[in-house]
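Novice: Take this structure first; my questions come after.
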Amino acid sequence: MDQNKREKQLMQKLKQFPTIKDEQSKTTLYQSIENQLNEKQASQHHSKFKWIIPSIASATLIVLIIIMVQPQWFQNDQLSDTPMTTQDHNVEQKDQQMAIMESEEDDSDDLEDLQGFETLEGGERAGELIYYHDESNRFPIFTIAVSDREGQYVIPISLVSTSSTGDPNDYYNRIHTFIDEGALGVRLFPFEDIHFEFANQNQTIYMTVDDDYQFPQGSTQAYIFQMSINFMFADYPATSLTLRTESHDYIDLGPLGEMESLEIEEMVHLAYKLYQDENRERLLVPLRETLSGDRFYTIDEAFVEMQQTEEEQNIYAPIPIDVTFEVDAADSNQLKIFFESHAEFGNNTFTKEMIESILMTAKSFGFSEVDLTIDGVDSEISNFNLNDPLPVPDAVNPIILH
Amino acid sequence: MKTTFDSLYDQYHNDLFQYVFYLVKNREATEDIVQDVYIKVLKSYDSFRGDSSEKTWLFSIARHTALDYFRKQHRQQNRLAHFFNKDQEIGKLKDQDPLPEEIAEMNDEMKMIYRLLDRCTLDQRNVLILRYIQSLTIHETAQVLEWSESKVKTTQHRAIKKLQQLVAEE
């Protein structure tokens, strides 16, 4: 057979290669595309108004004050055991412990003293989904972030540094050492490939990677990364990350493209729900929108979302779906909520966690305190005294560092 | 936006998916790339001037997006090579993806040609896929690749010769 004939046969064979069809549906594909486009549009929208949001300005100011005034006595942090208690919706309760990465001894008693939590009915110890500054020591707090197992939701984790330099450079460059993914039932973005540098009184945050850095593959990674960055750095004066490699002033962020800077989006108007992977730790997970993709414009909408359980996603409703409640948000400083009685309400972990999630949600809507009334229960629930308005917490999902 | 997507999808999606798949030979990567292509296209659709056909414009964006994928893959392989500290591991990494069902059902010669496509240059592969598997004309292929038609013809000629040589060596 001559050469020409063989080549023509080869061309014919190439033409016979089969059609390879996409297995995902048109609807699924469009949904993914729309989500990504909305994410980017939302980012642009937020940038226009970011500086005028009083709540964020206040939070930024608080963090600045903390960083500026806190003394820099200590050199090394160690992560303590942070005891938490979990409970399913049948009020089955068991003690669990937070992640331990660098701890050599159990400092749980110290933490209990620090938080002042009391024993609940039934003798179990209360867990901490939220954190208040100690009155005598306002320890620096550094927010890092993880995602749920499925990579759908980003969960902020607050590192409370009781003895440290207070320098964020010391914390954000070893994020992976603070999180035990297995113990928490979460996933951590591979931050170990990234170096963060805080400069110019934290008004500039550099993100530096190697020249051959490759952004993790998969479309959800970009979302997880952006949301993690938002939670981690929204309280700093910097409004964007300055991106660079060893030799370029940009970073290839995979689906986000080559970028010189990445905007830090404010995280407000959130609905805090409970996340628990199997029997692991319970964490508060903030949702920015409903399952159908609608943002929460009022806190009432967030509370309605907080009544929805998504068991397949390990997301649980902190507010019972069949409870009646009234919300008065007329006072921009103090939120008033009245709950009618419900079988699950009492001095128990369920009610305590509901209060914690409500307080964090209220904080994200800019409220400073919550006047909470629950019909049919005593005014004391765990360490919360409902006779007085409850201040919103200083941090969520705390891990105490020593 | 939905209307534009519907129109593009209904007209070109099968061809687009197939083109990207034969380039990258990985279904998951293809899905990601195709998704990125639509995002880029939808974001810039208003600025599409119509100098080329919609289809060649779409394919051209797909080509660039796939090229980015290869660059990233190359960097990752470099990193892995550094990790393993032995270059021979790279070759093994390349053929990890299993044959797609549609190809696995074909005869051995077709499977062999499918594998040997990897040993052509990316330019040669682009021309072979666009011209023979996608049945684009010389003119359309030139538009997608942003080449002259004569370069398409030359590359096509060399690609067929290279592939024929590889088949003969097997």
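Novice: Roughly speaking, what is the stretch gain from A:Glu135 to A:Ala199, that is 0.36 nm per residue apart minus the C-alpha to C-alpha distance, in nm to one decimal?
Specialist: 20.1 nm
Novice: Now for a different question. Grab the Cα-Cα distance for A:Gln308 and A:Leu37, subtract it from 0.36 nm times how many residues apart they are, and report the gain in nm with one decimal.
Specialist: Taking 0.36 nm per residue and subtracting the Cα distance, the gain is 95.0 nm.
Novice: When Lys and Arg each count +1 and Asp and Glu each count -1, what net charge do the other residues less than 9 Å away from A:Leu287, Cβ to Cβ, add up to?
Specialist: 0
Novice: Starting from the Cα of B:Asp46, step 7 Å toward the Cβ, then list every residue of segment B:1-19 with an amide N under 13 Å from that point.
Specialist: B:1
Novice: So between A:Thr298 and A:Asp167, what do we pick up on full extension, going 0.36 nm a residue minus the alpha carbon distance?
Specialist: 43.5 nm
Novice: Now for a separate question. Going by amide H atoms built from the backbone, whose H comes under 5 Å of the H on A:Ile381, apart from near neighbours?
Specialist: Under 5 Å from the amide H of A:Ile381 lie the amide H atoms of A:Leu386, each far enough along the sequence or on another chain.
Novice: Find out how many positive minus negative residues lie around A:Ser368, taking Lys and Arg as positive, Asp and Glu as negative, among other residues whose Cβ is under 14 Å from that of A:Ser368.
Specialist: Net charge in that neighbourhood comes out at -3.
Novice: If you don't mind, there's one more thing I want to ask. Give the distance, in whole Å, between the Cα centre of segment A:256-303 and the Cα centre of segment B:111-150.
Specialist: The two parts, judged by their Cα centres, are 45 Å apart.
Novice: Then there is this: Kindly work out what percent of the DSSP beta bridges joining two residues of segment A:300-378 are antiparallel, to the nearest 5.
Specialist: 45 percent
Novice: Measuring from centroid to centroid over Cα atoms, what is the spacing of segment A:153-218 and segment A:346-402 in Å?
Specialist: So the two Cα centres are separated by 28 Å.
Novice: Which pairs, out of A:Lys13/B:Lys55; A:Lys5/B:Lys162; A:Lys21/B:Lys40; B:Lys111/B:Lys153; A:Lys26/B:Lys2, put more than 18 Å between their alpha-carbon atoms?
Specialist: In this structure, A:Lys13/B:Lys55; A:Lys21/B:Lys40; B:Lys111/B:Lys153 lie more than 18 Å apart at Cα.
Novice: While we're on this one: What does the net charge come to around B:His13 if you take all other residues with beta carbon closer than 9 Å to its beta carbon, with K and R at +1 and D and E at -1?
Specialist: Combined, the nearby Lys, Arg, Asp and Glu give -2.
Novice: Expressed in whole Å with the largest first, what are the equivalent ellipsoid semi-axes of segment A:347-393 derived from the C-alpha gyration tensor as the square root of 5 times each eigenvalue?
Specialist: 18, 11, 8
Novice: Let me ask something else about it. Rounded, prolate or oblate: which fits segment A:287-394 when a ≥ b ≥ c are the square roots of the eigenvalues of the alpha-carbon gyration tensor, with rounded for a/c under 1.5 and prolate only if a/b beats b/c?
Specialist: Verdict is oblate for segment A:287-394.
Novice: Which whole-number percentage describes the relative contact order of segment A:287-394, with Cα contacts under 8 Å and a sequence gap of 6 or more?
Specialist: 22 percent
None of the figures in this text is laboratory data; all of them are computed from the coordinates on show. None of these values were measured; they are calculated from a predicted model. Counting neighbours? That spans all protein chains shown, and the Cβs are built from the backbone with ideal geometry, glycine included.
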